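Novice: I have a structure here, written as structure tokens, and I will follow up with some questions on it.
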């Protein structure tokens, strides 16, 4: 009798596991379709009825997974930010100076991780978070806290070896938020439909990360841009840490190269 009960319990656990896998795979498929809408038409065009049509699932099924478009956006952000954290955890293993690691991370954020950067801008400029479910908000909070601590540690490492001296009464978190502000601000300006802004961004040959480089050079974070060859640093970063990724001529990460099939 005990064996029969145990076998029944094992079957129930297996059924729950299977249902959980089915739910995760279904949500992953829905998010893939939602990402397509977001990439093509932007956040304002993201809507659940269109997602139902593209995914082939009924509207009631879609709403079981995502009660509103804000919750859907947060699910997308959790997916992209979770991926970003996984890459950052690998990036900090690079055998280079702290600022070289920063350059490598910037390359990732401008390439294979760009969706996570754009998602962050959307979340912070559209006040989306409060409309999402508690579970998704808590997950994103965890990711964001970890991202902040990873970068803060890189800054502390730079200070410890003498590559960077923080201004008086400035700590690593204040510097990090400053860098984030320039990165997000650059993206917002790039999305502007102002012809004047477009002209000046083109005139200064704007690229993602350039404002951050100006600030870090101005603060004297060594090696300065003039002291290293950016392309060689990034190439070594990928060779040592991300050999599965290709990089373009600007040193930005692209899609993975699947070796051997």
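Novice: Please determine, in degrees from 0 to 90 and to the nearest 10, the orientation of helix 172-191 with respect to the longest principal axis defined by the Cα atoms of the chain, where the helix direction is its Cα long axis.
Specialist: 80 degrees
Novice: Quick check on the exposure proxy: order 40, 136 from fewest to most C-beta atoms within 10 angstrom.
Specialist: Sorted ascending by nearby Cβ count, the order is 40, 136.
Novice: Still on this model: Between the range 157-184 and the range 216-244, how far is it from one alpha carbon centroid to the other, in angstrom?
Specialist: The two parts, judged by their Cα centres, are 17 Å apart.
Novice: So for 124, 103, 208, 168, fewest C-beta neighbours within 10 Å to most, what's the order?
Specialist: In order of increasing Cβ crowding within 10 Å: 168, 124, 208, 103.
Novice: May I ask for the equivalent-ellipsoid semi-axes of the range 58-116, computed as the square root of five times each C-alpha gyration tensor eigenvalue and listed largest first in whole Å?
Specialist: Listed largest to smallest, the semi-axes of the range 58-116 are 34, 9, 7 Å.
Novice: Nearest 0.05, what FRET efficiency do residue 26 and residue 149 give at R0 = 45 Å with Cβ-Cβ as r?
Specialist: Values: r = 33 Å, r/R0 = 0.73.
Result of the calculation: an efficiency of 0.85.
Novice: By how many degrees, between 0 and 90 and to the nearest 10, does the Cα long axis of helix 114-126 differ from the longest principal axis of the chain?
Specialist: Taking Cα atoms only, the helix is inclined about 80 degrees.
Novice: Same structure, new question: Note the full-extension length gain between residue 47 and residue 191 as 0.36 nm times their separation in residues minus their Cα-Cα distance, in nm to one decimal. Provide the component values of the computation, followed by the final result.
Specialist: Values: separation 144, 0.36 × 144 = 51.84 nm, distance 2.10 nm.
49.7 nm is the gain from fully extending residue 47 to residue 191.
Novice: Kirkwood hydrodynamic radius of the chain from all distinct Cα pairs, in Å?
Specialist: On the way: mean 1/r = 0.0479 Å⁻¹.
The answer is 20.9 Å.
Values quoted throughout were computed directly from the atomic coordinates according to the rules given, and no laboratory measurement underlies them. Please read all numbers here as calculations on a predicted model, not as lab measurements. Note that we place each Cβ from the backbone using ideal geometry, even for glycine, and neighbour counts take in every protein chain shown.
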